[in-house]
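A.B. asks: Submitted below is the structure of interest, expressed as structure tokens.
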Amino acid sequence: MKTEYKKIAEVAALAGRIMLESHAESYRVEDTTRRILQTSGLNITEVITYTTGLFITLDDTAPEIEPITLVRRITDRGNHLRKIYRVNNISRQLTNQEISLDEARDRLMVVDEEEYTVYSKDMATMFLVVAFTVLLGGNIWETLLSFIAGVIVALSRIGKEKIGMNEFIYGIFSTTITSFVITSIVQLLPYNLSSDVIIIAALMPLYPGTAFTNAIRDMLKGDYNSGVARIADALVVALSLALGVALGLSLVRVVL
């Protein structure tokens, strides 16, 4: 019986970890994880989530039941709304007894390992920058230049992976290169172009908008620790982007 309870706790921890790594709101993670724990039939199910950690306890008032506590450290975070959607569906199927615990674990492991290819991510980043340039009113030449900006932003991940940059350094690195290259090209071309529109569009894939929005939602739900932590994380990334742009523009003045 203890083995079965531990399996339930591990499945709940797996679901919670996937959702936290996918930038799900804390209240959503706690609700989904708690519902999976409640399939055990025990009357004590406690879940606490933070931006960087997940804490689960499964226990009962019966003295013969030993408590089970699991802790999961969250180090990698990204926007994966599809993963959140799939984990929610799996948890509903499990709680409705439509699938077994083993089936739920297998499906969650598939979701955990599922990821877009590097090529698809790079292509999405490039087209996103181009789309934002058009949305911000860029002309045909600025739109063409925005494709170069998208390529720079997409390929800057190579430096991040090889050097092992954290999010703060990566934000400075990518925006410095982008703002320097784009501003230099605009100044050298004999056209009246705006580098501001292109640089702003290039910042959009890097800006932590989802994290900031979820932070506000967490705070409105009363999860102040998680909300403040998410806001701090988003502000640090936003600060790195601002510093990178400022550094790139300063280098342009020095070089040109």
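The values are calculated or read from the model by the stated rules, or taken from the named source; none is laboratory data. The structure presented is a predicted model; accordingly, all values stated were derived computationally and were not measured. No Cβ is skipped: glycine too gets one built from the backbone with ideal geometry, and neighbour counts run over all protein chains shown. Heads up: the accessible areas ignore ligands, DNA and RNA and are worked out on the full protein's heavy atoms, side chains in. Shrake-Rupley method; radii C 1.70, N 1.55, O 1.52, S 1.80 Å.
A.B. asks: Rank 95, 175, 231 by how far each Cα sits towards the positive end of the charge dipole of the chain (+1 on Lys, Arg Cβ; -1 on Asp, Glu Cβ) and give me just the farthest.
C.D. replies: 175
A.B. asks: Out of all Cα-Cα pairs in segment 1-47, roughly what percent, to the nearest whole number, are more than 17 Å apart?
C.D. replies: 28 percent
A.B. asks: What does the charge add up to near residue 170, with Lys and Arg as +1, Asp and Glu as -1, over the other residues with Cβ less than 9 Å from its Cβ?
C.D. replies: Computed value for this residue: +1.
A.B. asks: Now for a separate question. Going by accessible area, probe 1.4 Å, with all protein chains left in place, what is the ranking of 121, 162, 83, largest first?
C.D. replies: These residues rank, largest area first, as 162, 121, 83.
A.B. asks: Which longest run of the chain has no exposed loop site in it, a site being GluC sites (Glu not before Pro) in a DSSP loop with at most 15 other beta carbons within 10 Å, and the site itself not part of the run?
C.D. replies: 116-256
A.B. asks: Oh, and also: Using the Cα gyration tensor of segment 57-108, with a ≥ b ≥ c the square roots of its eigenvalues, what is the shape: rounded (a/c below 1.5), prolate (a/b larger than b/c) or oblate (neither)?
C.D. replies: Note, shape of segment 57-108 comes out oblate.
A.B. asks: I would also like to ask the following. What whole number of Å gives the distance from the Cα centroid of segment 1-76 to the Cα centroid of segment 88-165?
C.D. replies: Centre-to-centre distance over Cα atoms comes out at 27 Å.
A.B. asks: Right, another one. What number, in percent, do you get for the relative contact order of segment 53-120 if the mean sequence gap of Cα pairs under 8 Å and at least 6 apart is divided by its residue count?
C.D. replies: 21 percent
A.B. asks: Which trypsin sites (Lys or Arg not before Pro) in segment 21-75 pass both tests, a DSSP loop state and at most 14 other beta-carbon atoms within 10 Å?
C.D. replies: none
A.B. asks: If you add up the charges near residue 110, with Lys and Arg at +1 and Asp and Glu at -1, over every other residue whose beta carbon is less than 14 angstrom from its beta carbon, what do you get?
C.D. replies: -2
A.B. asks: While we're on this one: I'd like the Karplus ³J(HN,Hα) series for segment 163-178: coefficients 6.51, -1.76, 1.60, θ = phi - 60°, whole numbers in Hz, and an x wherever there's a Gly or Pro.
C.D. replies: Here the 3J(HN,Hα) series is 8, x, 6, 7, 5, 5, 5, 5, x, 5, 4, 5, 6, 4, 5, 5 Hz.
A.B. asks: Between beta-carbons, use under 15 Å as the cut-off and find the net charge around residue 135, counting Lys and Arg +1, Asp and Glu -1.
C.D. replies: So the environment of residue 135 carries a net charge of -2.
A.B. asks: Please turn the phi angles of segment 44-59 into ³J(HN,Hα) values with the Karplus equation 6.51 cos²θ - 1.76 cosθ + 1.60 (θ = phi - 60°), one per residue in order, whole Hz, x for glycine and proline.
C.D. replies: Along segment 44-59, the couplings run 10, 10, 10, 9, 10, 10, 10, 4, 10, x, 10, 10, 10, 9, 10, 8 Hz.
A.B. asks: Expressed as a rounded percentage, what relative contact order does segment 5-122 have, with Cα pairs under 8 Å and six or more residues apart?
C.D. replies: 27 percent
A.B. asks: Between rounded, prolate and oblate, where does segment 137-215 land on the alpha carbon gyration tensor, with a ≥ b ≥ c its root eigenvalues, rounded for a/c under 1.5, else prolate if a/b exceeds b/c?
C.D. replies: Oblate, because a/c is 1.5 or more while a/b does not exceed b/c.
A.B. asks: Which value, to two decimals, describes the C-alpha radius of gyration of the chain once divided by 2.2 N^0.38 Å?
C.D. replies: Rounded to two decimals, the normalised Rg is 1.24.
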